[in-house]
Amino acid sequence: MSCTMEDELTAYLDGELSAVDAARVRSHLTSCSDCRSTEALLRRTMTQLVALPAFEPSSALRRRVLAEVEALPRPWPERMRAWLRPSALAPAGLVFVTAALVAVVIGQRSLSARAERRTELAVAENYELLSDYEVVGLDPDDLEVVEHLDQLEKEGRP
Amino acid sequence: MLRVAAGDTAAFASLYDRYHRSVARFAHRFVQDAGKAEELTQDIFVKVFRHAGRYRATARFKTFLFRVAANHCLNEVRRGEYRVTHVVEEGEEGRPVEMPAPEAQSPERAVEGRELEATVAAALQRLSERERVAFTLCRFEGMAYREIAEVLSASEAAVKSLIHRATLSVARAVEAWQAGARGPARSEA
């Protein structure tokens, strides 16, 4: 058989032809018994296919799919958002502030330790002088007084 | 879908809930086995999640989804990972179930329904891969020729031809089964 119009029959039944082409097929069917027979067979089969049982996946499949997806490495945008969440930012901020405070305290201690070292150095350098005057343990101001004692004594004289 | 691309699993769960039956049915038409169809469905959805960034909003999501599904099913079947069987599983708790059609209430209708299902399944296996994809999407998922053309990266004219050949082939197989199954019964009665 095989009429040239046969190729249009499935699309005709599926409503996929333009109005003009559908009208042409309709007109053809009135005069072609082969196409009428094929069209009836196609129509019958389509109806039967609609009535076939549909496969229904199990509820366990959802759990498996979501578990596998959860286990995948997160994409970058998601990771960035996780980092910028307040619950993640608050502890990070606390750590930063604490670290800054610790740095300031350590810095101050280091400065005072350096000043102490300078004093000790001055004492060492002027040990002989200090020993002479038995003033070991005086602070730098006292050392200055000791160094200029002669002048002070002159100025202090009546 | 943009949220899924950004890794939003809640948005992905919504997509899954909406489309998993369609994908599972599609996969089942390929492998005719409930367990294997579920494996394929799982793989397909994980692929969709991983490659969500490739989705372009200009395409319908369903088209994108079935493009992934069709490619995955064809690749797996070609690799021989999934040998086609024609076993209809007995329903158990937590296991996939073949839902009976409303018409198949009586035992005779149930048997007839299973035989028709097996006939269609066998006819599908004789189709070319592209015919099978086009036929399944058209007949069981109700997709338009234009959408199927997008899934297959083909012209609408090509899809029209694929669907016609496939439908006619299945129709002839069903006709032959009916002639064999019902013919003698009628003559006996």
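General remarks:
- The range A:55-97, residues that are farther than 22 Å from B:Val4 by Cα and modelled with pLDDT of 85 or more: A:Phe55, A:Glu56, A:Pro57, A:Ser58
- Selection count where residues are at the interface with another protein chain (Cβ under 7 Å from one of its Cβ atoms) and either more than 20 Å from A:Leu49 (Cβ to Cβ) or at pLDDT 95 or above (or both), scope the range B:26-66: 7
- Residues of the range A:26-42 satisfying the condition of being in a helix (DSSP H, G or I), surrounded by fewer than 19 Cβ atoms within 10 Å (Cβ to Cβ) and either more than 9 Å from chain B (Cβ to nearest Cβ) or modelled with pLDDT under 95 (or both): A:Arg26, A:Ser27, A:Leu29, A:Ser33, A:Asp34, A:Arg36, A:Ser37, A:Ala40
- A:Val102 away from chain B (no Cβ under 13 Å), modelled with pLDDT of 90 or more and either under 48 Å from the mean Cα position of the chain (by Cα) or loosely packed, with under 11 Cβ neighbours inside 10 Å (or both): no
- All positions within the range A:16-67 that are within 30 Å of B:Ala52 (Cβ to Cβ), out of contact with any Asp or Glu (no Cβ under 9 Å at 6 or more places or on another chain) and of a type in the set (D, E, K, R): A:Arg63
- Annotation: B:Gly113 fulfils all but one of (1) away from chain A (no Cβ under 11 Å); (2) farther than 16 Å from B:Asn71 by Cβ; the unmet one is (1).
- Test set (1) part of a loop (DSSP other than H, G, I, E, B); (2) surrounded by fewer than 20 Cβ atoms within 10 Å (Cβ to Cβ); (3) touching a residue at least 40 places away in the same chain (Cβ under 8 Å) - B:Ala173 fails condition number: (1)
- Flag for B:Gly142 being out of contact with any helix residue (DSSP H, G or I) (no Cβ under 9 Å at 6 or more places or on another chain) and modelled with pLDDT of 90 or more: yes
- Scope the range B:1-11; condition surrounded by fewer than 21 Cβ atoms within 10 Å (Cβ to Cβ) and either of a type in the set (D, E, K, R) or at the interface with chain A (Cβ under 9 Å from one of its Cβ atoms) (or both); matching residues: B:Arg3, B:Ala5, B:Ala6, B:Asp8, B:Thr9
- Screening the range B:116-145 for residues that are within 18 Å of B:Ala69 (Cα to Cα), facing chain A (nearest Cβ under 9 Å) and of a type outside the set (Phe, Trp, Tyr) and picking the one that is surrounded by the fewest Cβ atoms within 10 Å (Cβ to Cβ) gives B:Ala144.
- Residue in the range B:34-43 that is under 20 Å from B:Met143 (Cβ atoms), among the basic types (Lys, Arg) and in a helix (DSSP H, G or I) present: no
- Going through (1) more than 25 Å from B:Val120 (Cα to Cα); (2) more than 11 Å from every other protein chain (Cβ to nearest Cβ); (3) without any contact (Cβ under 8 Å) to a residue 24 or more places away in the chain one by one, A:Cys3 falls short only on (3).
- All positions within the range B:12-52 that are of a type in the set (A, V, I, L, M), more than 14 Å from B:Glu76 (Cα to Cα) and buried (at least 17 other Cβ atoms within 10 Å of the Cβ): B:Leu15, B:Val23, B:Ala24, B:Ala34, B:Val46, B:Val48, B:Ala52
- Qualifying residue in the range A:13-20 (condition: farther than 30 Å from B:Ala110 by Cα, more than 35 Å from the chain's Cα centre (by Cα) and touching a residue at least 12 places away in the same chain (Cβ under 8 Å)): no
The values are calculated or read from the model by the stated rules, or taken from the named source; none is laboratory data. Just so it is clear, the model here is predicted, and its values are computed rather than measured. With ideal geometry, Cβ positions are generated from the backbone for all residues, glycine too; neighbour counts draw on all protein chains shown.
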